[in-house]
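What follows is calculated from the coordinates using simple rules that are stated; it is not laboratory data. These numbers were taken from a predicted model, which means no experiment stands behind them. Positions of Cβ are generated from backbone atoms using ideal geometry, with glycine treated the same way; all protein chains shown enter the neighbour counts.
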Amino acid sequence: MIFQLILILIMIILAIAASLFKDLINAVVTCAGVSLITSILFYFLQAPDVAMAEAAIGAGLITAILIIAIKKTERYEK
């Protein structure tokens, strides 16, 4: 229970950090961290299939798509 609360606190901190970053790559990486922590929490909630889908799609695929899109545009916010 304590470990889950720590993970939730870290997830909230990462979400706030993602909204404050000016560099878009840093924001995407922190969003991927939120997604990974979400998948760990799904695993603790006895849903390993949802956890694997969240890790693969949420943290992996979406992060890759966003990084490719950022590379094709301007990286920094003006």
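Per-structure values
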read-out: Condition check for Ala18: touching a Ser or Thr at 6+ places or on another chain (Cβ under 7 Å) and under 20 Å from Leu5 (Cβ atoms); value: no
read-out: Residues of region 58-78 satisfying the condition of being assigned to a helix (DSSP H, G or I) and surrounded by fewer than 13 Cβ atoms within 10 Å (Cβ to Cβ); value: Leu61, Ala64, Ile65, Ile68, Ala69, Lys71
read-out: Members of region 20-57 that are closer than 21 Å to Lys72 by Cα and either touching a helix residue (DSSP H, G or I) at 6+ places or on another chain (Cβ under 8 Å) or surrounded by 13 or more Cβ atoms within 10 Å (Cβ to Cβ) (or both); value: Phe21, Leu24, Ile25, Asn26, Ala27, Val28, Val29, Thr30, Cys31, Ala32
